[in-house]
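First the structure, in the form of structure tokens, and then the observations on it.
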Amino acid sequence: MLQTLSSYQTVIDAMSANIALLDVEGVIRMVNRNWRKFSDANGGTPGEYGIGHNYLHLDKASSCEPPGNKLAAAPEERKNLAQAVSGIREVMAGHTNRFEMSYPCHSPQEERWFLLTVTPFDGDSPFSVVVAHENITQLVKSEKQALLHSQRLIATFKDTVEAISLAIEMKDPYTAGHQRQVADLAVGIGEALGLDRDQLFGLALGASIHDIGKISAPGEILNRPGKLTSPEFMIIQAHADAGHDILKNIGFPWPIADMVWQHHERWDGSGYPRKLGGEDICLGARIIAVADTFDAITSHRPYRPGRSVSVAVDEIQRGRGTAFDPQVVDAALPLLRARALSAS
Ligand SMILES: [Fe+2]
């Protein structure tokens, strides 16, 4: 047995984590070199290292100090300690094969985080479980940095879209208002389809600038009363390609340029500019197509009054499976009908 115990010591001394081996009562029977180093550096009782103390009584001391230290723990730390002790008990009782939790363990000099892992000690030995504390400070700091970076990037995307939106608002306030309404409706449809927060955010951005290509069309054509001539209609239709050209080199993490390019494509391939059909049209564009049609019918324009919400609902329903993705229509109709009810 002595020979075996010294082998255990050799093995755990080679590990980078701070490791303790507990017996069936939860008493610390063996610790590794890094455990001792941590204890010495953090004010543990010299030469003791918690050996002989019951780890399950840790919640009466501070987790950041070696067991046996009687420092009172702060409330947050007591919560972590209670969770750790409960996890150790679960593994000791055989209810689970592994318990893990990360926790902060700051020293006066630096912020630190550790990962506690508890696993059963198999085989014929006086030990019950292995308790390992791995310093994960670098990982946590990198994750925090990455999160901060990603939040800044998302804010930049939002600002970029707002700037683009403002550019069209200056030229054509009707289109700007229309884009905002379409974005609002598109997000409602997206929620009904079960899109996650990130997808909804991208959809809102795409819908907010879906007609950005109209910035390239002459203002007198955009809002001219009466029927457009064929060449004028072609100029308006070019806004889908123009919008894509404006946005295609911005590295959005959502398919914003495609949403803008494809929002006049139709489920049956009858749309423009490329006559795409079905799921070749990205989901965002299929949603914007429904929201765009609804808002275009119900909105007042300089050259015609808006029609009723129920007319728009009928139009969307008629287009189910032809102009529009049937699933998108099914998700949109309850929303649109609710609007019809509140408008009547
Ligand atoms: Fe459009």
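The values are calculated or read from the model by the stated rules, or taken from the named source; none is laboratory data. Model, not experiment: these values are computed from the prediction. All Cβ positions, even for glycine, are placed from backbone atoms using ideal geometry, and neighbour counts span all protein chains on display. Keep in mind that these areas ignore ligands, DNA and RNA; they rest on the heavy atoms of the full protein, side chains included. Shrake-Rupley method; radii C 1.70, N 1.55, O 1.52, S 1.80 Å.
Percent of accessible area on the chain owned by carbon and sulfur, 1.4 Å probe? Here carbon and sulfur together make up 55 percent of the probe-accessible area. What the Cα atoms of the stretch 144-343 give is an Rg and a Dmax of 16.6, 57 Å.
When only alpha carbons are used to place a centre, the stretch 1-61 and the stretch 103-133 end up 10 Å from one another. Taking every C-alpha pair closer than 8 Å and separated by at least 6 residues, the mean separation divided by the residue count of the chain gives a relative contact order of 10 percent. Simple spin-label model, 7 Å along Cα-to-Cβ: Arg304 to Leu166 in nm? If labels sit at Arg304 and Leu166, their model points lie 3.4 nm apart.
Each label was represented as a point 7 Å from its Cα along the Cα-to-Cβ direction; for Asp330 and Asp314 these points are 2.5 nm apart.
Bridgeable lysines around Lys275 (alpha carbons under 26 Å apart, same-chain partners fewer than 8 residues away excluded): Lys214, Lys227, Lys248. The simple Förster model, with R0 at 22 Å and r as the Cβ-Cβ distance, assigns Ser6 and Lys37 a FRET efficiency of 0.65. Taking the Cα atoms of the stretch 2-135, the ratio Rg/Rh between the radius of gyration and the Kirkwood radius comes to 0.94.
With R₀ set to 25 Å, the beta-carbon distance separating Asp124 from Ala82 gives a calculated FRET efficiency near 0.20.
Each Lys and Arg Cβ is given +1 and each Asp and Glu Cβ -1; about its Cα centre, the chain then shows a dipole of about 680 debye. Approximating the spin labels as points 7 Å out from Cα along Cα→Cβ, the Asp184-to-Asp268 distance works out to 3.2 nm.
Enter the accessible area of Glu220 (Å², nearest 10), with the probe set to 1.4 Å and all protein chains included. Taking all protein chains as shown, Glu220 has close to 130 Å². Computed about its Cα centre, the charge dipole of the stretch 144-343 is approximately 320 debye, with only Lys, Arg, Asp and Glu carrying charge at their Cβ. Ranked by the mean number of other Cβ atoms within 10 Å of their residues, highest first, the peptides 287-294, 148-155, 132-139 come out as 287-294, 132-139, 148-155. The coefficient of translational diffusion for the chain, derived via Stokes-Einstein from the alpha carbon Kirkwood radius under 4 °C and 1.567 mPa s, stands at 52 µm²/s.
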